[in-house]
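Reviewing the structure listed below.
FYI, it's all coordinate maths here, none of it is from the lab. Just so it is clear, the structure is predicted and the values come from calculations on it, not from any experiment. FYI the Cβ positions are ideal-geometry reconstructions off the backbone, even for glycines, and counts take in every protein chain you see.
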Amino acid sequence: MLRTSPRSSVSSIKGACFSRHPRWKSYKEQRPSKELLKMLSIVGFGGLGKTTLARAMYDKIKVQFDCRLFVSVSRNPDITKIFKTMLYGLDKRKFANINEAVRDDEQLIDELRAFLQDKRYLIVIDDVWDEEAWEIIKCAFSKSDLGSRVIVTTRVISVSKACCPSSDDIIHKMKPLNNDDSKRLFYKRIFSQGGQCPIEFEQVSREILKKCAGVPLAIITISSLLANNDQQINPKYQWDKILNSIGHGLAEGGTIKDMQRILSFSYYDLPSHLKTCLLYLSVFLEDHEIRRDRLIWRWIAEGFIQGGEQEIRLFEIGERSFSELINRNLIQPIDVNIDVEYRTEGCRVHDMVHDLICSMSSKQNFVTILDGTKKRKNNSDVMVRRLSFQSSMSELTNHQIDATGMSKLRSVTLFRTDDGLIRTLPNFQLLRVLDLEGCDLEEISHICIENLLHLRYLGLRNTYVGILEMEIGKLQFLQTLDLRIYTFDEV
């Protein structure tokens, strides 16, 4: 059964709604005459399709601009990293080594302004959570009169207003889909293109959609559960079962918890191995762009992918798991490579799905996240298996960094360099995964990598490490050594 992509369906519906905005024509004007920078903020609660709409608008008008960029901010943003990402995204050749460069925020702002000064640019800043972050980011935009455009998405009304101080700017408040558009999105996912809903499913469809309350993420989630991969429609009793499980849904003042309850149906509908693969995504930062190969090789190192005797066979099985999570709309594809049969090069997890899997990972003691905000219970009976380190030691409370219960640690992922934690790594001799990608490290001899005899994945991409000692050859079980991007002096 041929069905349209849910993301394309949402973008077409939302795009059609915004195209009727009285000032859309002026915003997308192709040949402005000495026009100053115009701002557009898209505001609304989670799941309404803000990012999808911004992406659709970006794709529609980007050819009109000298340079363009789409970048995510998210909660607890690393501003320096965002600025470096912007520079690299604007000119990958000129700023090929920007991640290794030592720059403060002021220097990066100066570089961005200088680069943008004589260009007409289109930039999307996705998922801004607070005004403080925006006040810093906006300093990077040059104030030339070449008709540049900046689009910002946010859940916070005060942020949308801060982004659009001029009367020429546009604040677009996202609204839930109306009944007709909700039906269109729902049916496109379940039935064949151009098909109609059979009469016996009309009533249950109306009741399900009422509980989804016009929220695209809820509609896509439920329709993905009901969609069948073959030509058959799922029996009506399955529809009734899902309807009864939703409870009050999002209607009548539904909350984030109600949305998470709906999302959880997709999780519980997964086979056990895919549940594990999905929960594992909680090790990554919110809005992080996750490379497909990095994720699959880490799944393999953790032992989540079974069924093959050789690594190549395991990787192919991992690819199928990755594709199935996309098909079920639990992860969002990015960087589609049209030269390789439209192969997706990476993924991103929707904020609300990320919140759900982080919560589940914590309850199941599957992944321990140290980010300076979530407190970990100081319980020596609870063994930490997988650690995602997202803050510096100075930002963490004492009980968060207590090494009690970490003797059987199998996986460590660092997003922030910290010498204190680095020095403890040799103690975790059962490690299978050590991912230091993007960390500010010049050498790793003090980690005594050669003593981590069970190590299967070592990620050193985008670090400053220039030499690998010969002792690394002692790692008999090492499957993946990611050294890409940086040029090594000696291996």
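Assorted remarks:
- Region 272-351 - percent relative contact order, Cα under 8 Å, separation 6 or more: 34 percent
- Förster-model FRET efficiency, 41 Å R0, D168 and N97, C-beta, rounded to 0.05: 0.60
- Remark: T52, T344 ranked as T344, T52, counting other beta-carbon atoms within 10 Å and listing the fewest first.
- Within region 272-351, the proportion of Cα pairs with more than 17 Å between them is 41 percent.
- Debye log10 I(q)/I(0) for region 78-138, one point scatterer per Cα, at q = 0.14, 0.18, 0.19, 0.27 Å⁻¹: -0.39, -0.65, -0.73, -1.36
- Efficiency of FRET from Cβ geometry, I422 and Q476, R₀ 30 Å, rounded to 0.05: 0.80
- Cβ-Cβ FRET estimate between Y237 and R343, R0 fixed at 41 Å, reported to 0.05: 0.65
- For the listed peptides 121-130, 461-470, a ranking on the average number of other beta carbons within 10 Å per residue, highest first, reads 121-130, 461-470.
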